[in-house]
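Below is one structure, written out as structure tokens; comments come after it.
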Amino acid sequence: MPVEPPPTDGAPPPPRTPHRRRRFAIWAAVIAAFVAVFGWALRGRSARGGRRGAAAAPVAIRIAAATRSDLPIYLDAIGTVTPLATVSITSQVTGRVFDVHYREGQRVRRGEPLVDIDPRPFAALLLQAQGTLERDLHVLDQARMDRDRFRAAWARRAIARQQLDDQEKLVLQAEGTVKLDRGTVEYDRIQLGYCRIASPIVGRVGLRLVDPGNLVTANAGPVLAVITQLQPISVVFAISEDHLGEVRAQPDHGAGLPVEALDRVQARRLAAGQLIAIDNQIDTTTGTVRLRARFDNADEALFPNQFVNARLRVTTLRGASAVPSAAIQRNADLAFVYLVEAGRVHVQRVTPGAVAGELTQVTDVAPGAVVAISSFEKLRDGAPVAIAGTAAGSAAGSAAGPTAGSAGPAGSAGAPR
């Protein structure tokens with residue numbers, strides 16, 4: 001049977017199914033993109049709000065107060081412990097070592113025997129010289145007796161004047177011979193004394209350098225002993241020529257200024273002494289001048305040739321305004337501190353001066369002002385702070401406010417650039 005066509009009422013036919021699906025997918029993608037952008041914006045705003053809230057939170061800091069102190073001014077240098085006297089003993093005569101009296105490391109007094117050289121050859125020479133002197137003394141006596149007889153004979157005109165004159169010259173010759181003999185005797189006595197070597201100073205003997213039986217040569221043989229004076233002792237150190245004027249400007253050109261000897265890491269004081277001498281010229285190769293300080297060294301904490309850190313106190317600044325060195329911050333060529341006032345910090349420029357231990361002299365900060373000494377990486381001019389150990393920033397402000405006010409109008413200072 002024939003199929004009837006669909007009724008036509010003038011309306012367009014419905015769209016095809018694939019086209020409708022594509023339009024639906026496009027709209028869905030647009031809506032998803034809009035939702036994603038809106039969510040990203042909300043998250044960024046929330047993050048910025050969180051950062052602003054964190055910046056507004058008080059920064060926990062530690063504080064310290066500026067003080068009015070007497071600051072000693074020091075010059076630091078590397079020094080060497082140098083004995084005031086070191087004696088290397090050698091033999092002044094040629095002979096065989098007869099005996100060694102000292103022990104290694106022994107403390108010796110002045111005049112204490114150290115080494116004996118065989119004295120017998122020198123004793124024999126002295127005996128010969130004494131015999132010659134004795135003979136010539138009798139010759140001189142005989143010449144004088146003859147001279148006296150000739151003078152009496154000349155008074156009676158019994159002899160010629162020439163005989164008296166000759167006899168007087170013979171007396172003078174005999175006197176010269178006796179004088180020569182006396183010198184020989186004295187020389188031989190000294191040589192005999194050199195056979196017994198004694199300590200010329202008070203000090204400590206080093207390691208043993210010679211044994212009995214060794215032959216030593218006068219002024220050219222081996223060193224028999226080395227004696228070093230330990231008490232007192234000195235430290236020689238060098239300072240820059242730029243500081244020489246500061247030292248010489250003190251009374252007595254710096255003589256008597258206190259000097260401390262510290263260990264290598266400057267953690268322990270070894271001894272305390274005083275400056276006794278300044279060298280007479282500047283070393284042109286280093287631009288430094290050497291100084292010598294004297295130490296009693298009663299406990300022998302200083303040992304010869306030991307390297308130490310010498311600290312010379314040049315002068316003392318009386319009543320200087322000082323802050324802990326840790327409070328001073330630097331930006332390029334500017335120095336500043338963070339003053340704490342009413343729970344906030346303010347930047348205050350300062351001019352650092354002398355440094356004494358952990359304190360530094362500063363200007364523009366009054367004694368009693370409170371400064372921050374920690375958390376500098378989080379601080380900005382005007383930032384709120386909380387003193388470490390308090391519950392809130394307001395507690396810090398009430399604690400620091402009265403003292404910080406004495407520092408002057410610090411809030412007007414801008415942050416250094």
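The values are calculated or read from the model by the stated rules, or taken from the named source; none is laboratory data. Worth saying up front: this structure is predicted, and the values here are computed from it rather than measured. Cβ placement follows ideal geometry from the backbone for every residue including glycine, while neighbour counts extend to all protein chains displayed. Heavy atoms of the whole protein, side chains included, go into the accessibility calculation; ligands, DNA and RNA do not. Shrake-Rupley method; radii C 1.70, N 1.55, O 1.52, S 1.80 Å.
Scanning segment 215-241 for residues that are open to solvent by less than 40 Å² (accessible area, probe 1.4 Å) and of a type in the set (D, E, K, R) turns up nothing.
Does residue 163 qualify as being open to solvent by 70 Å² or more (accessible area, probe 1.4 Å), in a loop (DSSP other than H, G, I, E, B) and touching a residue at least 12 places away in the same chain (Cβ under 8 Å)? When the stated conditions are applied, residue 163 does not pass them. The residues of segment 263-275 that are touching a residue at least 24 places away in the same chain (Cβ under 8 Å) and more than 18 Å from residue 243 (Cβ to Cβ), listed by number, are 263, 264, 266, 270, 271, 273.
From the list 185, 178, the lone residue that is within 30 Å of residue 113 (Cα to Cα), part of a helix (DSSP H, G or I) and either open to solvent by less than 70 Å² (accessible area, probe 1.4 Å) or at pLDDT below 95 (or both) is 185. Scanning segment 125-155 for residues that are hydrophobic (A, V, I, L, M, F, W, C) and either open to solvent by 50 Å² or more (accessible area, probe 1.4 Å) or over 15 Å from residue 184 (Cα atoms) (or both) returns 125, 127, 137, 139, 140, 143, 145, 150, 152, 153, 154, 155.
Evaluating residue 384 against the criteria (1) in contact with a Ser or Thr (Cβ under 8 Å, 6 or more places away or on another chain); (2) modelled with pLDDT of 90 or more; (3) not aliphatic (A, V, I, L, M) leaves one unmet condition, (1).
What's the total number of residues in segment 88-110 that are touching a residue at least 24 places away in the same chain (Cβ under 8 Å), over 17 Å from residue 228 (Cβ atoms) and not in a strand (DSSP E or B)? Please lay out each step first, then the result.
Going through segment 88-110, the residues touching a residue at least 24 places away in the same chain (Cβ under 8 Å) turn out to be 88-100, 102-110.
If we keep only those that are over 17 Å from residue 228 (Cβ atoms) too, we end up with 91-100.
If we keep only those that are not in a strand (DSSP E or B) too, we end up with 91-94.
The number of residues fulfilling the criteria is 4.
Would you confirm whether or not segment 387-398 contains a residue that is at pLDDT 90 or above and part of a strand (DSSP E or B)?
Step one: filter segment 387-398 for residues at pLDDT 90 or above, giving none.
Checking segment 387-398: not a single residue is at pLDDT 90 or above and part of a strand (DSSP E or B).
Just one residue in the set 254, 213, 221, 245 is out of contact with any helix residue (DSSP H, G or I) (no Cβ under 9 Å at 6 or more places or on another chain) and under 30 Å from residue 291 (Cβ atoms); that residue is 245.
Which ranges mark the strands (runs of 3 or more DSSP E) fully within segment 269-359 that have 2 or more residues being crowded, with 17+ Cβ neighbours inside 10 Å and polar (S, T, N, Q)? Spell out how you get there, then give the answer.
Numbers: elements: 269-278, 288-295, 307-324, 329-331, 334-341, 344-350.
The strands (runs of 3 or more DSSP E) meeting that bar are 307-324.
For segment 204-214, a residue qualifies if it is in contact with a Ser or Thr (Cβ under 8 Å, 6 or more places away or on another chain) and either closer than 21 Å to residue 120 by Cα or open to solvent by 40 Å² or more (accessible area, probe 1.4 Å) (or both), and exactly one does: 204. For segment 188-203, filtered to residues that are open to solvent by 60 Å² or more (accessible area, probe 1.4 Å) and assigned to a helix (DSSP H, G or I), the residue that is farthest from residue 140 (Cα to Cα) is 194.
Pick from segment 242-267 the residues that are of a type outside the set (A, V, I, L, M, F, W, C), in a helix (DSSP H, G or I) and open to solvent by less than 70 Å² (accessible area, probe 1.4 Å): which of them is modelled with the lowest pLDDT? Outline the logic, then answer.
First, the residues of segment 242-267 that are of a type outside the set (A, V, I, L, M, F, W, C): 242-243, 245-246, 248, 250-254, 256, 258, 260, 263-264, 266.
Those still in the list that are in a helix (DSSP H, G or I) too: 242-243, 245-246, 248, 251-254.
Among the residues that remain, those that are also open to solvent by less than 70 Å² (accessible area, probe 1.4 Å) are: 243, 245, 254.
Details: 243: 91, 245: 91, 254: 87.
So, considering only residues that are of a type outside the set (A, V, I, L, M, F, W, C), in a helix (DSSP H, G or I) and open to solvent by less than 70 Å² (accessible area, probe 1.4 Å), the one modelled with the lowest pLDDT is 254.
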